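The block underneath contains the structure these notes are about, expressed in structure tokens.
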Amino acid sequence: MDRLMSLLLTGLICLVALGQFVQVITRYLLEIPVLGLEESLLYPTMWLYMVGAVNASRENSHIRANVLEIFLKTPKQVAVLALIGEALSLAIGCWLTYWAWDFTKYSMRVWRESPTLYIPTFYVDISLITGLVLMMVFTAIQLGRHIHQVLTGTFPEPLPTTTESLKEELA
């Protein structure tokens, strides 16, 4: 799974970067804009965003501002806070997934096309529901892990803070 995600994300980011490079060269250096390049880049760009978000959910590597953890004393308190955070994430994510499903149904019914190339935008639109469903699956898995930790009392070792790791390096 790691290899597949790595290859998919690498391929998508290379495709987007190459498209942007071509656009800059043709538009600003050669002064010959490529017709439809912006709308064709919408497809890999949107899938890149959503696959990247799914990968962050899968790895549990989203950027977090864990300010409350500073004030918590025990690993159990940290685990309960993580459980609450994951439960809220799952609730809000399910709500957004419901909205994305409504949008996907609308997109299927209307079957919009891009203005220049007449490519169906449905293939961009389904990235949203696909990504959100997969993110909710991984969020539910993380919630299950936190519930298990709180119920069994098995907590992961806390990561050293920056100050602690600096003290160890200097010693």
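The values are calculated or read from the model by the stated rules, or taken from the named source; none is laboratory data. Predicted, not measured: the structure shown is a model, and the values here were computed from it. Side chains are part of the model used for accessible areas, which takes the heavy atoms of the whole protein and leaves out ligands, DNA and RNA. Shrake-Rupley method; radii C 1.70, N 1.55, O 1.52, S 1.80 Å.
Averaging over all projection directions, find the projected area of the Cα convex hull of the chain and quote it in nm² with one decimal place.
Its Cα hull, projected and averaged over all orientations, spans 14.8 nm².
Please compute the contact order of segment 100-152 in relative form: average sequence separation of alpha-carbon pairs under 8 Å and at least six residues apart, divided by the residue count, as a percent.
With pairs under 8 Å counted, the relative contact order is 29 percent.
With all protein chains present and a 1.4 Å probe, how do I13, I119, I129, I63 order by accessible area, largest first?
Ranked from most to least accessible, the order is I63, I13, I119, I129.
Roughly how many Å² of L18 are accessible to a 1.4 Å probe, to the nearest 10?
Per-residue accessible area (L18): approximately 100 Å².
What accessible area per residue, rounded to a whole number of Å², is obtained for the chain using a probe radius of 1.4 Å?
69 Å²
Roll a 1.4 angstrom probe over the protein heavy atoms and tell me the percent of accessible area of the chain that is carbon or sulfur.
Ligands and nucleic acids excluded, carbon and sulfur give 70 percent.
Using protein chains only and a probe of 1.4 angstrom, how many square angstrom of E59 are accessible, to the nearest 10?
Here the accessible area works out near 100 Å².
Let me cross-check F138: its accessible surface, 1.4 Å probe, with only protein heavy atoms counted, in Å² to the nearest 10?
40 Å²
For the chain, find the longest principal axis of its Cα atoms and tell me its angle to the long axis of helix 75-110, 0 to 90°, nearest 10.
20 degrees
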